[in-house]
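The values are calculated or read from the model by the stated rules, or taken from the named source; none is laboratory data. Remember, it's a predicted structure, so these values are computed and weren't measured experimentally. Every residue, glycine among them, receives a Cβ derived from its backbone with ideal geometry; neighbour counts consider all protein chains shown. Just so you know, the surface numbers come from the protein's heavy atoms only, side chains and all, with ligands and any DNA or RNA stripped out. Shrake-Rupley method; radii C 1.70, N 1.55, O 1.52, S 1.80 Å.
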Amino acid sequence: MRHALTLAERAEAMGEVPIGAVLVDAEGRILGEGWNRVIADADPTAHAEIVALRQAARALDNYRLPDTTLYVTLEPCSMCAGALINARVKRVVYAADDLRAGAHHSIFEVLTCPELNHRCEVTGGILAEESAEMLRAFFRGRR
């Protein structure tokens, strides 16, 4: 999660919402990493999680990423949660809850929805205060 927070700082330096994500395999090797790039890439799908998933899928030449864990600094939104389900990511670990768009438990329950063909193991709250403070400071600076 510390590495994801460092990636979030990169996003912030670019004027993006400071969110970072790291996807690792079962041995802890980094397969993909990303930070928010929606403005830089003029791409509404360029969330940190999607960037990390794309990088990992290209590296493995496979869109399915079983036995992987995604570490992300904010609870994934519904778009990212859907991509995590489609990629068959085993586990998602996130820092802060996203009370406006979170798709684990804040607004939706996509990651663990029993009606879907895959469910992720989810752990939230890891380094939550550090992530939340980074986000609060970013938005205070924008006002």
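Here are some notes:
- In the range 13-32, the residues that are more than 18 Å from Glu75 (Cβ to Cβ) and either touching a residue at least 24 places away in the same chain (Cβ under 8 Å) or touching a helix residue (DSSP H, G or I) at 6+ places or on another chain (Cβ under 9 Å) (or both): Met14, Gly15, Val24, Asp25, Ala26, Ile30, Leu31, Gly32
- Selection from the range 51-99 of residues that are more than 16 Å from Ile30 (Cβ to Cβ), surrounded by fewer than 24 Cβ atoms within 10 Å (Cβ to Cβ) and under 10 Å from the mean Cα position of the chain (by Cα): Cys77
- Hits in the range 102-111 (condition: under 16 Å from Asp67 (Cα atoms) and open to solvent by 50 Å² or more (accessible area, probe 1.4 Å)): none
- Flag: Glu115 matches the condition of being of a type outside the set (A, V, I, L, M), without any contact (Cβ under 8 Å) to a residue 12 or more places away in the chain and open to solvent by 30 Å² or more (accessible area, probe 1.4 Å).
- Test result for Ala26, surrounded by fewer than 14 Cβ atoms within 10 Å (Cβ to Cβ) and among the small types (Gly, Ala, Ser): yes
- Which listed residue, of Arg54, Arg2, Arg10, is in contact with a strand residue (DSSP E or B) (Cβ under 8 Å, 6 or more places away or on another chain) and under 26 Å from Arg136 (Cβ atoms): Arg10
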